[in-house]
Amino acid sequence: MESVNLIGPQLLLLAVGGLLLICDAFATLLGPRRWLVWYMVGTPGLALLAGLGALAWAAAHAVTDTRGSAFFGAYELDDFSLFFSVLFAGVVIAVVLFSVDYLRGNRHQTEYYALVLASAAGLMFLAGARDLIAIFVALELTSICQFILAGFLKDDRSSEAGIKYLLLGAVAAALTLYGMALLFGLSGSTSLEGIARAAAEGEDRRLGFVLASVLLAAGLGFKMAIVPSQMWVPDVYQGAPTPVTGYLSVGSKAAGFAVALRLFVEGLGDRAIAPDWAMMFAVLSVLSMTLGNVVALVQTDIKRLLGYSSIAQAGYFLIGLAAVAAGEPQVELGVGGLLFFAASYAFTNLGAFACVIAISHRIRSDAIADYSGMARRSPLLALALTLCLVSLTGIPPTAGFVAKLYIFNAAVQADLIWLAVAGVINSVISAYYYLRIVLNMYVGEPVSPDPVRPTPLLALTAGAAVVGLLALGIFPFPVIEAAEAAARVLS
């Protein structure tokens, strides 16, 4: 029961997801009117309560200082896993809120919310898993749900997105499993602690551990959306339902980096191996930033643009991972910078997608050209989207500025000055396509004189995200302290 208590938020999400499916089976017995009420209120209402309950449960663990190992050390509830549990619970709440109007009238929305909850439970398990088997099971739990969500609309684009995501995800899973099998063969253990012990004692097996690192980076890079595993991003982002796109851009990416930190810092953090994978991640960081930003310059569809932007942002995440290998105190600085970047990115990207859903759903278009003059059609939505894009660029007083400052400082302190310079240059490049959208909204002529009014739930989500990114930009210290406390677990 002690182990069960430690995974309470995950169990709550899974239980409510199962309850939704059971209730859905009996929904047709309620009669047409009650059946309609169930799909419009009951399904999203229960999903929202599950997200709020998971958030409250994770926060209670943090406040009461509940910590410990579950299932013989396969899962660890510590400051690191709690940080991500709170983050993922918040992401679930946001996704449910801006899915309500998007899915209105969809007969299969119960399955949609059940998949979101199950996937989020998998993300939470990933952040705390300290055993290769537990990591792979959690990875597949969240991945399979996301494959289905990507193709949820069943039209041509959504089906294409789902198929591409599934096929490339299968390749990534195979690479990850090969890397894990190699680690097990070298160490004789599936626990990260046992792998770390073997890595510290096995100088003669260094090449094998480096090869395992390459395979794991290639497999987990799919979740992180980094080069060379980024091919799925633009097509899936464009074809998947927009709420799912927002979910993948934040939840899936953050979980990928969480499990990468566990594996590489805890399992492969030995001084003999760390410099090799750190240099690998530094190079991948530059490639991801450059490819994402350069290709985003020519995009005309806002979802594809945010897809390539996501690849570039993953490159900034990797700066923190590369800085970790420099040793103390860079472990704490690099991990802390990455975690704070994840929190700021969650507010920023969820806010951006809430605005995109609100605008695109009304104008029936994702073309950037159709956003022309949006400041006159919907001043508040245009302002909210502007602040989110400014934060993605890294301009004060937004969270994005503090996050980039934090992570660039980690690179400088780790003597990776060239990597920090590459990050700054790429931030300047990104300003062109982010601020081009802003200029188009405020200077361009409106495509139509009709006003664009967001629904109350979308307005609430976008407003909360904007408040969050401004609060983190002006007063970031509480979240920085939480990120540093989580980083100390790994250091």
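Quick note: the coordinates plus some simple rules give every number you see, no bench work behind them. Remember, predicted model here, so these are calculated numbers, not experimental data. When we count neighbours, we look across all protein chains shown, and the Cβ atoms used for this are built from the backbone with ideal geometry, even at glycine.
Karplus-derived 3J(HN,Hα) values for the range 355-365, using 6.51 cos²θ - 1.76 cosθ + 1.60 with θ = phi - 60°, are 5, 4, 4, 4, 7, 5, 5, 7, 8, 6, 7 Hz; glycine and proline are entered as x. Using the Karplus relation 6.51 cos²θ - 1.76 cosθ + 1.60 with θ = phi - 60°, the per-residue 3J(HN,Hα) values for the range 112-119 come to 4, 5, 5, 5, 4, 5, 5, 5 Hz, with x marking Gly and Pro. Remark: the range 63-68, residue by residue, has Karplus-estimated 3J(HN,Hα) of 5, 7, 6, 6, 9, x Hz, where x stands for each Gly or Pro and the curve is 6.51 cos²θ - 1.76 cosθ + 1.60 at θ = phi - 60°. Report the far tail of the P(r) of the range 54-93, meaning the percent of Cα-Cα pairs longer than 11 Å. For the range 54-93, the fraction of Cα-Cα distances above 11 Å is 60 percent. With just the Cα atoms defining each centre, how far is the range 414-491 from the range 131-178? Give it in Å. Here the two parts' Cα centres lie 27 Å apart. Peptide packing for 288-299, 225-236, 422-433 was compared via the average number of neighbouring C-beta atoms within 10 Å per residue; ordered from the highest value, the list is 225-236, 288-299, 422-433.
Expressed in nm to one decimal, what extension gain is obtained for the pair Val424 and Ser69 from 0.36 nm per residue of sequence separation less their Cα-Cα distance? All intermediate terms of the calculation are to be shown ahead of the outcome.
Working: separation 355, 0.36 × 355 = 127.80 nm, distance 4.02 nm.
In short, 123.8 nm is gained.
To the nearest 0.05, what FRET efficiency results for Ser3 and Glu481 with a Förster distance of 25 Å applied to their C-beta separation? Working shown, then result.
Numbers: r = 29 Å, r/R0 = 1.15.
For Ser3 and Glu481, the calculated efficiency is 0.30.
Cross-link partners of Lys154 among lysines, defined as those whose alpha carbon lies under 30 angstrom from its own and excluding same-chain residues fewer than eight positions apart: Lys164, Lys223, Lys253, Lys303.
Considering only the other residues whose Cβ falls under 12 Å of the Cβ of Gly122, what net charge follows from Lys and Arg at +1 and Asp and Glu at -1?
On the way: positive: Lys223; negative: Glu140.
Charge balance in the 12 Å sphere: 0.
Amide H to amide H, with H built 1.01 Å from N, Ile395 comes under 5 Å of Phe401, counting only residues 5 or more places away or on other chains. In this structure, the amide hydrogen of Asp301, modeled 1.01 Å from its nitrogen in the peptide plane, lies closer than 5 angstrom to those of Ile368, counting only residues at least 5 positions away or on a different chain. In this simple spin-label approximation, Asn409 and Cys23 carry label points 7 Å from Cα along the Cα→Cβ vector, and these lie 4.6 nm apart. Estimated from helical segments only, the mean residue ellipticity of the chain at 222 nm is -25000 deg cm²/dmol, where each DSSP H run of four or more residues counts as -39500 (n - 2.57).
Take the Cβ atoms of Ala181 and Arg364, set R0 to 56 Å, and the FRET efficiency comes out at 0.70.
A protection proxy built from the mean count of other Cβ atoms within 10 Å ranks the segments 79-88, 63-72, most packed first, as 79-88, 63-72.
In the chain, a dipole from Cβ-located charges (positive for Lys and Arg, negative for Asp and Glu) runs towards its positive end, and of His108, Phe477, Gly18 it is His108 whose Cα lies farthest in that direction. What distance in nm separates the simple spin-label points at Val443 and Val137, each placed 7 Å from Cα in the Cβ direction? My value for the distance between the label points is 5.7 nm. Here the label points at Ala471 and Ala200, each 7 Å from Cα along the C-beta direction, are separated by 4.0 nm in the simple model.
Packing around the peptides 162-171, 303-312, taken as the average count of other Cβ atoms within 10 Å per residue, puts them in this order, highest first: 303-312, 162-171. Once the dipole of the range 218-280 is set up with Lys and Arg at +1 and Asp and Glu at -1 on Cβ about the Cα centre, which of Gln238, Gly221, Ala274 lies farthest towards its positive end? About the Cα centre, the residue reaching furthest to the positive side is Gln238.
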